[in-house]
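These notes are about the structure you will find just below.
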Amino acid sequence: MIFAASFGETVMNFLKNEGWDIVLVLSILVIAFIGIKIVSSILTKILYKTKVDGSAIAFYVAVLKVVLWILTIFAIANVLSISTSSLVVALSSVALAIALALKDSLANLANGILIIYNKSFRRGDHIEVDGVEGVIKNIKLFTTELLTFDNRRVILPNSKVINGTIINNTAMSTRRITFVYNVAYESDMHLVEKVLKETFESNKLVNGNPAVSVYMSKHGESSVEFTVKCWVDTEDYWTVYNAMPQVIFDKFAENGISIPYNQLDVTLKMSPEQARGDKNES
């Protein structure tokens, strides 16, 4: 009973002396938690209205949250009469320890910031990087997420992305497509060139400027090779790329242009013994 009374008295004295500080600290934490959520939401809406890239928005909001929480920590330290300089030293020591332990993650973070700042690509772009090709679904501070054309989700560390060769196929408004067609030697070459040029120029998705280029590019063993180069709007690239081979096949058939196939000539030779045997049998 004496111990219980003594403990209760100690708690009451603590609450009298430190109670208001505890209440104030808890109030600061609650206000900070709610306030940071509200401010982050407002900033997100403002940035979306100004058409800032989604990845950049996530980065700016994350930085804002970190800054506001650091200010909150300093406010609590002031209430508890903790020396600001001591707190700075403590936070610096913790930051250094974290930096050493998470150096690879921090490298990805730094590269993620560079990707967002440089705007090498953005969400929805079709890119090729480090042997992987796909459409960007998300750019985060540590990783970049791609969706391949066979519906595979690929997550690349940002350090790998920034240090690799990036080919952005949607960075420009137009793209060039190169087609190669082979025709038989007995075909009318002038007719082949005419059919190819007229067919591509009549396609509404093919741009007229620069003009369609058609030329004989190679003499093969069993065929003559023609190359066609045309420009299309980037969003029409795959439509034209996938459609034209069938269109040209049909046009060649309509105009009697032969598409060659590989031939293999086999010569059978008999040994002298086999030849003498055939003569004896006859």
- Note on the structure: The alpha-carbon center of the stretch 198-247 and that of the stretch 135-194 are separated, in whole Å, by 17
- Item | Pairwise label distance in nanometres, Ser222 with Leu68, each label 7 Å out on the Cα-Cβ vector | 7.2
- Item | Mean separation of Cα contacts under 8 Å, 6 or more apart, over the residue count of the stretch 119-160: relative contact order % | 27
- Determine, for each peptide in 22-30, 192-200, the mean count of other beta carbons within 10 angstrom over its residues, then list the peptides with the highest first. 192-200, 22-30
- Note on the structure: Scalar couplings 3J(HN,Hα) for the stretch 251-257 by Karplus 6.51 cos²θ - 1.76 cosθ + 1.60 (θ = phi - 60°), nearest whole Hz, x for Gly and Pro, are 5, 4, 5, 5, 9, x, 8
- Message: Can you tally the net charge around Gly256? Count Lys and Arg as +1, Asp and Glu as -1, for every other residue whose Cβ sits under 14 Å from the Cβ of Gly256.
- Response: -2
- Task: Quick one: what are the phi-derived ³J(HN,Hα) couplings along the stretch 197-210, Karplus 6.51/-1.76/1.60 with θ = phi - 60°, whole Hz, x for glycine and proline?
- Result: 5, 5, 5, 5, 5, 7, 6, 5, 7, 8, 6, x, 9, x
- In nm, to one decimal, how far is the modelled label at Ile38 from the one at Asp150, with both set 7 Å along Cα→Cβ? 5.3
- Item | In order through the stretch 143-148: 3J(HN,Hα) via Karplus (6.51 cos²θ - 1.76 cosθ + 1.60), integer Hz, x for Gly, Pro | 9, 10, 10, 10, 10, 6
- Going 7 Å from the Cα of Leu29 toward and past its Cβ, which residues in the stretch 60-80 have a backbone nitrogen under 19 Å from where you end up? 66-80
- Of Lys218/Lys251; Lys49/Lys140; Lys197/Lys251; Lys194/Lys229; Lys140/Lys160, which ones are farther than 18 Å apart at the Cα? Lys218/Lys251; Lys49/Lys140
- Task: Determine the relative contact order of the stretch 174-254: mean sequence separation of Cα pairs under 8 Å and six or more apart, normalised by residue count, in whole percent.
- Result: 40
- Item | For Thr174, residues with placed amide H under 5 Å, excluding near neighbours | Thr234
- Item | For Val39, Val214, order by how many other beta-carbon atoms lie within 10 Å, fewest first | Val39, Val214
- Starting from the amide H of Asn169, placed 1.01 Å from N in the peptide plane, find each other amide H under 5 Å away whose residue is 5 or more places distant or on another chain. His126, Ile127, Glu128
- Item | In nm, spacing of pseudo-spin labels at Arg176 and Thr239 (7 Å Cα→C-beta vector) | 2.3
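FYI, it's all coordinate maths here, none of it is from the lab. Bear in mind the structure is a predicted one, so any value in this text is a computation, not a measurement. For neighbour counting, all protein chains shown are included, and Cβ atoms are generated from backbone atoms with ideal geometry for every residue, glycine included.
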